[in-house]
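Report on the following structure.
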Amino acid sequence: MAAMERELPLILAAAPSCDTATATAPHSPPAGFWAAVAVWTARPQVANRRLSGCLLQAEREVDCSACGSAAAGLREVLAELLPGLEAEAGPGMELLLPPRVELLKVLLRTVIPKAGAATCTEIVLQDFLNNTATFIPIDGQIAESCTFRKNNMYRLKLRHDKEDESSWFISISILYPEEWDADGILYPKTAWLTDVLLTKIVKWSAENKKSYFKSTLSLIPVEKYSQYYHNLKAKYKEIVKIWPEVTNPEKFVYEDVAIATYLLILWEDERAEKGLTDKQSFIDLGCGNGLLVHILTNEGHPGRGIDVRKRKIWDMFGPQTRLEECAITPSDDFLFPEVDWLIGNHSDELTPWIPVVAARSSYSCRYFVLPCCFYDFYGKYCRREPKNTQYRAYLNFITEVGSVCGFKVEEDCLRIPSTKRVCLIGNQRTYPLSSEERLDEERTQYISERYSCTLSTNNHFSDVIASTSLHLAPDMKHCSNAYDSMVQDTSAEMNSLASSKWLAGFQPREKIQKVRNCATLPRDFTDDVVLQVAKELLKINQDSFQNSNDEDNTGNWNKGGSLPLKNVADLLDSSALQRLKNECGGLKTLLRNYCQVFEVARGQVQIRDWTKEKQTKKQSPGARKMPLDTSKSRLCWFFLNHPDGCPRNAEKCPFAHGTEELRPRTVK
């Protein structure tokens with residue numbers, strides 16, 4: 001029975017220029033290939049989304065020269081790893097091993113699917129001389145009676161073109177394609193292997209990426225996580241249907257379910273290790289929507305959440321879920337000596353303080369933080385590690401805080417729908433209880449030094465601005481004045497540090513969030529800006545009209561030209577620009593708010609061409625359905641302001657052509 005094989009060329013990226021000492025050469029083809037095989041072997045879920053992960057149970061190396069033959073060495077290792085393997089279990093050694101073999105690595109792994117399906121055990125043979133990796137599923141119990149499942153065997157191979165020294169190819173071969181048993185989860189169809197998996201292996205082999213983070217779920221059992229998550233997701237999925245917040249319910253509900261799953265397993269393992277019977281208590285500082293508190297409480301852990309602002313959903317959880325509206329200020333007034341764990345789930349300005357609060361609450365208090373926004377003790381975090389990304393540098397800073405506070409800090413990567421997935425855990429102290437006073441002095445000194453460093457940096461920046469103030473635009477001089485004011489304020493706060501160990505300079509967020517997305521700017525101001533920009537864009541292309549044979553008014557409609565965002569900003573006077581800069585996103589946000597009029601993409605601004613726009617757009621699968629019918633609820637800007645009017649007739653335009661067409665928004 002002939003094997004099915006597909007091969008793709010391995011195209012290596014050009015080597016980076018060596019202008020600096022930090023330039024990194026690309027992987028050699030064999031090294032890149034084995035790095036890709038390692039990803040697929042240890043983390044198959046990154047390619048097959050129906051998998052939850054994999055557990056590497058054993059790893060052995062076979063020195064074929066010392067064993068007399070590769071076949072003899074392999075049989076010896078298989079007998080050790082698979083004591084229940086039957087004598088004639090599947091294909092012979094001639095299929096598994098090429099004629100010449102020097103070093104073999106044999107791995108035993110368990111592949112774990114999502115949705116509670118059964119796991120599968122596999123043997124992975126890695127032949128480094130011939131650059132092949134063979135994946136062999138096992139049927140049965142490895143300790144009792146098992147066989148090779150030959151119909152689901154496949155092999156990855158790196159091949160060098162002997163005629164062209166620079167050409168390399170990667171192939172995937174299915175040894176028994178006609179007997180392939182596709183279950184759609186552990187083993188997709190053969191087309192998936194040859195089209196999707198092979199493409200990913202080739203891509204990973206050509207990449208030269210250095211991972212700055214640990215593997216996902218490295219501190220807890222993946223199989224247990226998969227089962228727990230499946231059960232909790234089914235238990236709390238109804239919350240998605242009744243979610244009263246404006247945020248995406250699927251993202252936030254399932255993210256908190258995943259975080260709760262992680263904590264429940266972490267705490268369960270801790271109880272088993274320490275011989276504890278009572279479930280751990282907790283405080284969630286900056287609990288937000290409170291769903292994590294609700295889940296952990298429902299699962300038997302006593303605790304509560306505190307946040308500066310109450311959310312709508314709090315009232316839906318019931319009295320058993322304890323949620324408090326309170327501004328948290330790091331001080332002796334916010335210590336929790338009776339609590340086992342402090343949680344900081346995207347806790348923003350509280351994040352660096354959580355290890356400090358945990359350390360000072362009690363010697364037995366532990367913490368879990370999931371950093372998101374970058375805050376230092378006294379304001380925004382400023383990166384001091386130019387070789388690292390901002391995110392990696394911030395994680396290093398929070399790890400350093402935990403270490404200074406006396407914790408052994410562990411890092412893990414969660415499986416959540418977020419770009420900020422790395423959590424930091426402090427569950428062990430590095431010092432005896434008798435040294436608590438000395439450690440607290442070191443914490444105080446560290447916080448003071450961070451404060452002084454921040455103050456010094458701000459002073460330096462202010463001096464740089466002042467030295468060039470004669471050449472600054474008015475808005476930059478305003479920035480200089482703001483920094484002078486900030487330095488004076490922080491100097492006063494620094495003087496109070498002597499009388500307070502850890503309070504000076506910290507500002508909790510305001511209870512009422514300010515809306516700074518240009519939505520609250522006066523309507524006459526925004527209308528003037530929009531009209532000014534639109535007129536300038538229309539001047540660029542007055543003689544260029546779009547031709548169309550349909551019944552709409554598109555035959556002689558001027559769609560204007562485009563301008564870089566910087567040039568659009570030059571159209572406005574300094575007072576208007578400053579007014580916009582006080583808003584988040586400034587001019588760009590304002591233009592995007594007026595999406596009926598403008599398109600803003602890749603730094604360019606242009607008039608939206610409604611001759612090409614569809615009246616309705618399909619929503620993405622994960623988007624929330626709009627509860628309101630907004631058709632004809634706003635006036636058409638083009639009907640009122642464009643020299644050629646609206647390119648659509650009134651029946652086809654989703655906006656009102658005149659006040660007589662206006663109608664209120666209605667609930668669908």
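Here is how the numbers come out for the structure above:
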read-out: Unmet requirement for residue 225, which otherwise passes all of (1) over 30 Å from residue 263 (Cα atoms); (2) in contact (Cβ under 8 Å) with a residue 60 or more places away in the chain; (3) touching a helix residue (DSSP H, G or I) at 6+ places or on another chain (Cβ under 9 Å); value: (1)
read-out: Residue among 234, 206, 182 that is free of Cβ contacts under 8 Å to residues at least 60 places away in the same chain, farther than 30 Å from residue 292 by Cα and not acidic (Asp, Glu); value: 182
read-out: Among the residues listed as 115, 182, the single one being of a type outside the set (Asp, Glu), surrounded by fewer than 20 Cβ atoms within 10 Å (Cβ to Cβ) and either out of contact with any helix residue (DSSP H, G or I) (no Cβ under 9 Å at 6 or more places or on another chain) or farther than 22 Å from residue 6 by Cα (or both); value: 115
read-out: Residues of region 630-642 that turn out to be touching a strand residue (DSSP E or B) at 6+ places or on another chain (Cβ under 7 Å) and not in a strand (DSSP E or B), as a count; value: 3
read-out: Residue 409 vs. criteria at pLDDT 90 or above and open to solvent by less than 10 Å² (accessible area, probe 1.4 Å); value: no
read-out: Top-ranked residue of region 338-364 - restricted to ones that are open to solvent by less than 40 Å² (accessible area, probe 1.4 Å) and free of Cβ contacts under 8 Å to residues at least 40 places away in the same chain, ranked as farthest from residue 391 (Cα to Cα); value: 362
read-out: Residues of region 566-587 that turn out to be closer than 20 Å to residue 602 by Cβ and among the charged types (D, E, K, R), as a count; value: 2
read-out: Test: residue in region 602-622 that is more than 21 Å from residue 564 (Cα to Cα), open to solvent by less than 100 Å² (accessible area, probe 1.4 Å), assigned to a loop (DSSP other than H, G, I, E, B) and modelled with pLDDT of 90 or more; value: no
read-out: Whichever residue in region 145-179 is without any contact (Cβ under 8 Å) to a residue 60 or more places away in the chain and part of a loop (DSSP other than H, G, I, E, B) and, among such residues, is surrounded by the most Cβ atoms within 10 Å (Cβ to Cβ); value: 149
read-out: Single condition residue 187 does not satisfy, out of (1) part of a helix (DSSP H, G or I); (2) open to solvent by less than 80 Å² (accessible area, probe 1.4 Å); value: (1)
read-out: Failed item, numbered, when residue 214 is tested on (1) crowded, with 17+ Cβ neighbours inside 10 Å; (2) in contact with an Asp or Glu (Cβ under 9 Å, 6 or more places away or on another chain); value: (1)
read-out: Any hit, region 127-144, residues being in contact with a strand residue (DSSP E or B) (Cβ under 7 Å, 6 or more places away or on another chain), open to solvent by 10 Å² or more (accessible area, probe 1.4 Å) and at positive phi; value: yes
read-out: Sole exception among (1) polar (S, T, N, Q); (2) within 17 Å of the chain's Cα centre (by Cα); (3) assigned to a helix (DSSP H, G or I) for residue 434, by number; value: (2)
read-out: Among the residues listed as 391, 367, the single one being surrounded by fewer than 24 Cβ atoms within 10 Å (Cβ to Cβ) and of a type in the set (Phe, Trp, Tyr); value: 391
read-out: Listing of helices (runs of 4 or more DSSP H) fully contained in region 503-581 that carry 1 or more residues being open to solvent by 50 Å² or more (accessible area, probe 1.4 Å), at pLDDT below 90 and under 27 Å from residue 373 (Cα atoms); value: 574-581
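The values are calculated or read from the model by the stated rules, or taken from the named source; none is laboratory data. As the structure is a prediction and not an experimental result, all values here were calculated from the model. A quick note on method: Cβ atoms are made from the backbone with ideal geometry, for glycine too, and the neighbour counts reach across all protein chains shown. In case anyone asks, the SASA skips ligands and DNA or RNA and just uses the protein heavy atoms, side chains included. Shrake-Rupley method; radii C 1.70, N 1.55, O 1.52, S 1.80 Å.
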